[in-house]
Protein chains: 2
Amino acid sequence: MENLTMLTDLYQLTMMQGYFINGYRDKEAVFDVFFRSLPFDGGYALAAGLEQVVEFIENLRFREEDLAYLKSLNIFQDDFLEELRHFQFTGDIDAIQEGTPVFPYEPIMRVKGRILETQLLETAILNLVNFETLIATKASRVAAAAGRGPVMEFGLRRAQGPDAGTLGARAAFIGGCQSTSNILAGERYGIPVSGTQAHSWVQCFPSELEAFRAYARTFPDNCLLLVDTYSALESGVPNAIKVGLELEAEGYHFQGIRIDSGDLTYLSKKARRMLDEAGLTKAIIVGSNDLDEETIFSIRAQGAAIDAWGVGTHLITSKDSPSLGGVYKLAAEGENGVFHPRLKVSENISKITNPGIKKVVRFYDRAGKAMADLIALEDELFSERKSLTIFDPIQTWKRKTLVNFRTRELLMPIFRKGKLVYQLPSLMDIQKYSRQELDTFWDEVKRLANPHRYIVDLSPKLYDLKQQLLLTIHNEIKSNQNQNQEEE
Amino acid sequence: MENLTMLTDLYQLTMMQGYFINGYRDKEAVFDVFFRSLPFDGGYALAAGLEQVVEFIENLRFREEDLAYLKSLNIFQDDFLEELRHFQFTGDIDAIQEGTPVFPYEPIMRVKGRILETQLLETAILNLVNFETLIATKASRVAAAAGRGPVMEFGLRRAQGPDAGTLGARAAFIGGCQSTSNILAGERYGIPVSGTQAHSWVQCFPSELEAFRAYARTFPDNCLLLVDTYSALESGVPNAIKVGLELEAEGYHFQGIRIDSGDLTYLSKKARRMLDEAGLTKAIIVGSNDLDEETIFSIRAQGAAIDAWGVGTHLITSKDSPSLGGVYKLAAEGENGVFHPRLKVSENISKITNPGIKKVVRFYDRAGKAMADLIALEDELFSERKSLTIFDPIQTWKRKTLVNFRTRELLMPIFRKGKLVYQLPSLMDIQKYSRQELDTFWDEVKRLANPHRYIVDLSPKLYDLKQQLLLTIHNEIKSNQNQNQEEE
């Protein structure tokens, strides 16, 4: 990935200069990355994007042309630009591993360091984590709907720019896709690539049959024929069967057909019968054309004879929910490693942040199923030998007592004092890990529509801290108001 | 932009190898880039992305590591990989200029050359043109809703990856945004950048008032204060007024405030009154928080006192319509410069393509207003001295006779025999050109909801060619079917 140091909002740099010249050069801060609601009205999200965040941070460096550009804006002082020239990240980052199911308000990443450094990182971290988490989650839903039928990602032409196509293919693989059509993603991330031919191939030959034969000659071992250029049932499937039988007669295995338009249920059932009657019972049928998890679910429920799915636009753009609202919020500030918890108030109760340096603890029952997550302060311990009563932070009367549990802390050390201390897993391993992690959740949490809401509560200690800070801020505002009124 | 040669679908390369070894190495083809329906149920789209397509083509080159990766897939022959090693684009490209209002089925780009070359380009061209055209169109709607109030694009953190943020900022500027928060976009494309401070700035100081004063000290000429960290009306606005008056007392102009949550109509009206009563009548109010063209339209209609708008997620992801379905379809194939028109049939009438090498002609009335577009064959001429009767290609009884018109051809030569022959305009000039072009359209075509459908017809000659080819294909399918039945 190229150097993304300048991939940030101007206000990060104006704030940085503000801190720099107002005596806050060594002020330290802790920021949390989290989202407030699940996309797709779903039951979970899959964390993704950490590898790109690591690359971004490892490549952080303002180039001379960047500094020249910033100087040209006439708002930055020379001594601040000089500070940027030597800029690097020297802080700590903790993160939840890619592929882990995560839930609203959980810090999926925690960034701690000099405010000058932590502030700069906000925009690029959110950009990368928001997008990849969104697409991994969408892909996980699509793969779930497809059941055992593999899903091929091929949305590059409709992706929101080159990176969206390539990072999207990576995230889609984490979420359970089997391959991508995007060869740059294949080259860069080792994702298996797939693809055969387009309608234009068929149109370029004097006839569909000649086009199919030419393809079979070129790729006899990997011959999947697109049958709907002229008419799937009247022309495409009969011609594909001819060529398939010719291939089989020469000792090759004929792979099958792809249908890319029309009523996939009807056409696939008809095509299946035609293939079977010709003896091509092992030839597969790939379905594509504007698919998403709902259409796949519905097409399967109707008994369509589709063995594999090509999914494009809806997956790569996450069409029904094209953004994840991940935020980067100040949780604490301090100096020399001593931190004070901070929160942001809002009229909207869901926008009030959780203060302090926090961690995420996942509680499992003895069968290994996830029961609940707790957002807790970093120094809290939860003994597996005692019972624990947790409660909903808004509807506090909703209580649950956990007994006989095992706990696991989800945040892992990624950077320490600016040094990478985390071994990035391979993409294959992330996909496998993610599947195992999803297995620890009940099906009710994972179902596509109206899932059961997984419990994420605040630890009693964090809850108390939050209430106390809210009260302090409320009192301060009131006392300032009174003071203002007296002055008037 | 980096080398995007590998940003393509595997099937482009498998087809290329197929052409290569089936005697079609020098076959030539013409492809059209067009979309079938307008996003947002709107009345127009703004073409964008041409500059990135030019860069992509100028940088086309398979690197040694790309060839090694392709070889590792074990599906490509050495002689084909050798062909790729020397790959370059040697054909012609015509395109409609960026910023031009365009409509369904119009070729906004036309690519002509050896099929080996033209096929490879499909995916990246669609990726770039689809996304930028979508965002330019969305931005144009947002800017229209905002009226005279400038729109600042600041969606980078929610964009679908780094390129989406940066190319999206470029496209948003074409569509009429005044600035972006994204400094990489500012550096790369010369877009004005804007931004001041975040909630975290306010939280990092012992009090909001101290935070505001520190910011004013740092940027006395450019002091726009974010007032909703604790409570906009009870704390933020009163503190901003204090600092604003202090600045004005020192001879500076206090820029104003930004409100980023809550009821923007109510809060802006209240804040306006408070600022005015304090004598800060020139201080502006910026509104932000999940805005799009509809909310801006509605907030303005309610009489909100907002002078400028910050628009993020909805614009940069085109949230209500996150993909443009642009396609790249074969229009003709041939050899040695002699071409045969081709079309793709579909059960869905809207998916049947227009055959032949085509152009787009825009007809203006004497007052300079656009009346209709005609998709025509390249060699057709339309005399401005005669009247012309055009008709809807589906509802052919819908006819209109044009008299006293001026015509303009929209496709411009971009590449000739692989050489760039087009002078890329500056982004500022594209924005200006786009505004002028939009002025040639009636307001009814441009309105946000239920716009009047602008007329785009086929020339009689193109219409006849299409009907004739459809008939030929239909007859061929039937005769093949009969033949198959006789064989059985």
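Readers should treat all values here as calculations from the given coordinates under stated rules, not as data from a laboratory. This one's a predicted model, so the numbers in the text were calculated from it and none came from an experiment. FYI the Cβ positions are ideal-geometry reconstructions off the backbone, even for glycines, and counts take in every protein chain you see.
Structure data summary
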{"item": "Kirkwood Rh in Å, taken over all unlike Cα pairs in chain A", "result": "25.4 Å"}
{"item": "Top positive-direction residue, dipole computed over the protein assembly as shown with Cβ charges, set B:T166, B:F62, B:V421", "result": "B:T166"}
{"item": "Estimated FRET transfer efficiency when R0 is 51 angstrom, pair A:L245-A:Y433 (beta carbons, to 0.05)", "result": "0.70"}
{"item": "Mean separation of Cα contacts under 8 Å, 6 or more apart, over the residue count of region B:36-181: relative contact order %", "result": "28 percent"}
{"item": "Cα-Cα P(r), region B:299-454, percent of pairs per 5 Å interval", "result": "2, 6, 9, 13, 18, 17, 15, 10, 6, 3, 1, 0, 0"}
{"item": "Sites A:M274 and B:K282 - FRET efficiency at Förster radius 51 Å, r taken between beta-carbons, to 0.05", "result": "0.10"}
{"item": "Simple label model, 7 Å out from Cα along Cβ direction - B:E294 to B:N336, nm", "result": "5.9 nm"}
{"item": "More than 48 angstrom apart: percent of Cα pairs within the protein assembly as shown", "result": "29 percent"}
{"item": "Region A:100-161-region A:369-415 distance, computed between alpha-carbon centres (Å)", "result": "25 Å"}
{"item": "Local net charge near B:R25, Cβ-Cβ under 12 Å (Lys/Arg +1, Asp/Glu -1)", "result": "-4"}
{"item": "Extension reserve of the A:F382-A:Y266 stretch, reckoned as 0.36 nm per residue once the Cα distance is removed", "result": "36.1 nm"}
{"item": "Residue-wise HN-Hα coupling along region B:389-401, computed from phi with Karplus coefficients 6.51, -1.76, 1.60 (Hz; x: Gly, Pro)", "result": "9, 10, 8, 5, x, 9, 8, 5, 6, 7, 10, 8, 9"}
{"item": "Inter-chain Cβ neighbour average for residues A:335-345, partner chain, 10 Å", "result": "2"}
{"item": "Amide H partners (placed H, <5 Å) of A:M412, local residues excluded", "result": "A:A95, A:I96, A:Q97"}
{"item": "Dipole magnitude of the protein assembly as shown about its Cα centre (Cβ charges: Lys, Arg +1; Asp, Glu -1), debye to nearest 20", "result": "1440 debye"}
{"item": "Chain A: relative contact order as a whole-number percent, Cα under 8 Å and 6+ apart", "result": "20 percent"}
{"item": "Integer Hz, Karplus 6.51/-1.76/1.60 couplings in order for region A:431-448, x for Gly and Pro", "result": "4, 5, 4, 5, 4, 5, 5, 4, 5, 7, 9, 4, 4, 4, 6, 9, 4, 5"}
{"item": "Peptide A:317-326, shielding by other chains (average Cβ, 10 Å cutoff)", "result": "5"}
{"item": "Charge dipole (debye, nearest 20) of region A:137-316; +1 at Cβ of Lys and Arg, -1 at Cβ of Asp and Glu", "result": "340 debye"}
{"item": "For region A:8-65, projected area of the alpha-carbon convex hull averaged over all directions, nm²", "result": "6.6 nm²"}
{"item": "Nonlocal amide H pairs with A:A45, under 5 Å, H built at 1.01 Å", "result": "A:V102"}
{"item": "Residues whose placed amide H lies under 5 Å from that of B:V193, excluding near-sequence neighbours", "result": "B:T180"}
{"item": "Span per principal axis, largest first, for the Cα atoms of region A:133-206 (Å)", "result": "45, 28, 21"}
{"item": "Descending Cα extents along the principal axes, region A:380-440, whole Å", "result": "42, 32, 27"}
{"item": "Kirkwood Rh, Cα atoms: Rg over Rh of region B:137-316", "result": "0.97"}
{"item": "Members of A:K282/A:K369; A:K242/B:K27; B:K386/B:K466; A:K319/A:K400; A:K344/B:K446 lying beyond 31 Å, as alpha-carbon distances in this model show", "result": "A:K282/A:K369; A:K319/A:K400; A:K344/B:K446"}
{"item": "Gain in span if fully extended, B:T396 to B:Q481, counting 0.36 nm per residue against the direct Cα distance", "result": "27.5 nm"}
